[in-house]
Amino acid sequence: MYQNREISLPITGFATPEAEAAYFERQSRRYRAPALAYGFFGRDVDILAIETRLLTQSNVLLIQGMGGAGKTTLLRHLMEWEQTTQLVEKVFYFGYDEKAYTATQIIDSLAREL
């Protein structure tokens, strides 16, 4: 289910104080998508298609479109959503909107993080 409002996932009790500390440490490292002036809505079908493809067909996905169509916004939303739903543990973003990364720079950055 996708919604255009704050996601609330209630926390149940932890077995040990160490488990609680580990949980909050993971939460502090989660990616948070930037706040948008107009919110994020109307992409439910796209998100479902992306998740279905990644989970059933291939772990590679190309998203292309005109400038300003919302590709980066969609990906940033997916990065946060996939961590929130625990489909993935860690997310990475290498976009030309930040800088022109080389393959070597991307691999080096991934290796350092992992």
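FYI, it's all coordinate maths here, none of it is from the lab. Predicted model only: the values in this text are computed from it and were never measured. Please note: Cβ atoms are built from the backbone with ideal geometry, for glycine as well, and neighbour counts cover all protein chains shown.
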Requested in this report: Would you please give the FRET efficiency between Ala15 and Glu113, computed as 1/(1 + (r/R0)^6) with r the Cβ-Cβ distance and R0 = 35 Å, to the nearest 0.05?
Outcome: 0.75
Report summary line: Residue separation between Ile7 and Ala33 times 0.36 nm, minus their alpha-carbon distance, gives in nm 8.1 nm
Report summary line: Per the helix-only model, the chain has a calculated mean residue ellipticity at 222 nm (DSSP H runs of ≥4, -39500 (n - 2.57) each, divided over all residues, rounded to the nearest 500) of -14000 deg cm²/dmol
**Report entry** Fewest-first sequence of Leu36, Leu62 by Cβ atoms within 10 Å of each Cβ
**Finding:** Leu62, Leu36
**Report entry** Residue-wise HN-Hα coupling along region 53-63, computed from phi with Karplus coefficients 6.51, -1.76, 1.60 (Hz; x: Gly, Pro)
**Finding:** 5, 5, 7, 10, 10, 7, 9, 10, 9, 10, 10
Requested in this report: Before anything else, pin down the relative contact order of the chain: Cα pairs under 8 Å, at least 6 apart, normalised by residue count, whole percent.
Outcome: 24
**Report entry** Bins of 10 Å from zero: percent of alpha-carbon pairs in the chain
**Finding:** 10, 37, 36, 16, 2, 0
